[in-house]
Amino acid sequence: MGLPFKAIAVDMDGTFLNEKHDFDHEKFREILTELHQRQVKFIISSGRPYVRLRKDFADFYSELSFVTSNGARLIENDQEVALQQLARKDAIGVIDFVNQRYADATTLVFHTKQSYINRDAPKNVKEFLEYFAGCSCIEVSDWSVLPENGILEVTFHVPDSSIAKEIEAAYNQEFGQKISAFASAKNAVDVNAYGVNKGEGLKLLLEKMDLTGDYLMAFGDGGNDVEMLQFAKYSYAMKNGSQEAKDAAKYLAPANTEDGVFKVIKNYLSNN
């Protein structure tokens, strides 16, 4: 009996990564080798930009596929295969919109080549967000300096990410359907172009592999994983995940702190 899936997609924070923002590299090498022998693709599906993910998987990136910035940028064999940008005017518009309503928000903008952060961000928040950017950010006090092209995502560091759908609904009601917003972590709201999400990104990437969601296993824990979990036939929410993710998934995996992703995959490999 063979494996029922031909591709695996994993979220990063709260899913694949442990509480130290790392993973067991030796265990992953062992699993990845067996998956390759069985011709199963491994896809990293994250709100993180590719520059960060390339560092996270320094020893593996050439063997993986990537759905980055919540589906805005797809990478295969270290090459960009698809790009869905957030219009500059919408990026600036949503930044102004959020800053006017949520004074505590810190703004991070992911671009294909660099990232930008507001100059007055608290030092500890700035250091935390620069980790996710994967590079030193350009500090700005006027968002009009953003380039015309190449903007992928705006991330807001906020006290409570439950405002994500509130931001999306309010902004789109005022300006038309321009953005999609996700509660990607406890204190993070990600904003992409309207219709961009991990599910759509995976659909496009799998089409290039002659596959569909019927052959996909996916793991996630947050609001930006919902569409991916709904798209995959074999979808797992992490035990530590949000209720939104659990409602979207068909199955439950052990927590990220218990190597939940590895345990589920190894169980399939052992039984098939």
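Using alpha-carbon positions, what is the distance between the centroids of the range 73-112 and the range 241-272, in Å?
So the separation of the two Cα centres works out to 30 Å.
With unit charges on the beta carbon (Lys/Arg positive, Asp/Glu negative), name the residue among 97, 151, 136 whose Cα is farthest towards the positive pole of the charge dipole of the range 95-168.
136
How big is Rg to Rh over the chain, alpha-carbon atoms, Rh as the Kirkwood inverse-mean-distance radius?
0.96
Please report Rg (one decimal) and Dmax (integer) in Å for the Cα set of the range 50-111.
That works out to 15.0, 44 Å for Rg and Dmax.
Write down the accessible area per residue of the range 64-196 in Å², having rolled a 1.4 Å probe over the full set of protein chains.
Per residue, the range 64-196 has an accessible area of 44 Å².
Just tell me which lysines come within less than 16 Å, Cα to Cα, of residue 233; anything on the same chain fewer than 8 places away is out.
6, 41, 198, 203, 246, 250
Taking GluC sites (Glu not before Pro) as candidate sites, keep only those in a DSSP loop with at most 12 other Cβ atoms within 10 Å, then name the longest stretch of the chain containing none of them.
In short, 20-147.
Calculate, in whole percent, how much of the Cα-Cα pair population of the range 1-109 lies beyond 19 Å.
More than 19 Å apart: 55 percent of the Cα pairs in the range 1-109.
Quick one: which residues, 5+ away or cross-chain, put their amide H under 5 Å from the amide H of residue 188? H built at 1.01 Å from N.
Long-range HN contacts for residue 188: 158, 161.
What is the chain's relative contact order, in percent, from Cα pairs under 8 angstrom and six or more apart in sequence?
Across the chain, relative contact order equals 21 percent.
Go ahead and estimate [θ] at 222 nm for the chain from helices alone: -39,500 (n - 2.57) per DSSP H run with n ≥ 4, summed, over the residue count, rounded to 500.
Calculated from helices alone, the mean residue ellipticity at 222 nm is -10000 deg cm²/dmol.
For the range 1-101, run through the trypsin sites (Lys or Arg not before Pro) and keep only the ones in DSSP coil with at most 16 other Cβ atoms within 10 Å of their Cβ.
Loop-located and lightly packed - 20, 38.
In the chain, carbon and sulfur make up what percent of the accessible area (probe 1.4 Å)?
45 percent
Counting other C-beta atoms within 10 Å, and keeping those with at most 12, which DSSP coil trypsin sites (Lys or Arg not before Pro) do you find in the range 119-222?
Passing both the DSSP loop test and the Cβ count: 119.
Just for the chain, what percent of DSSP beta bridges are antiparallel, to the closest 5?
Within the chain, antiparallel bridges account for around 55 percent of the total.
Can you run the Rg to Rh ratio on the range 128-272? Use alpha carbon positions and the Kirkwood inverse-distance Rh.
So for the range 128-272, dividing Rg by the Kirkwood Rh gives 1.01.
Near the amide H of residue 235, under 5 Å away, which other amide H atoms are found, from residues 5 or more places off or on another chain, if H is placed in the peptide plane?
218, 250, 251
The values are calculated or read from the model by the stated rules, or taken from the named source; none is laboratory data. This structure is a prediction, so every number in the text was calculated from the model and none was measured. Positions of Cβ are backbone-derived with ideal geometry, glycine not excepted, and every protein chain shown enters the neighbour counts. Ligands, DNA and RNA are excluded from the accessible area calculation, which covers all protein heavy atoms including side chains. Shrake-Rupley method; radii C 1.70, N 1.55, O 1.52, S 1.80 Å.
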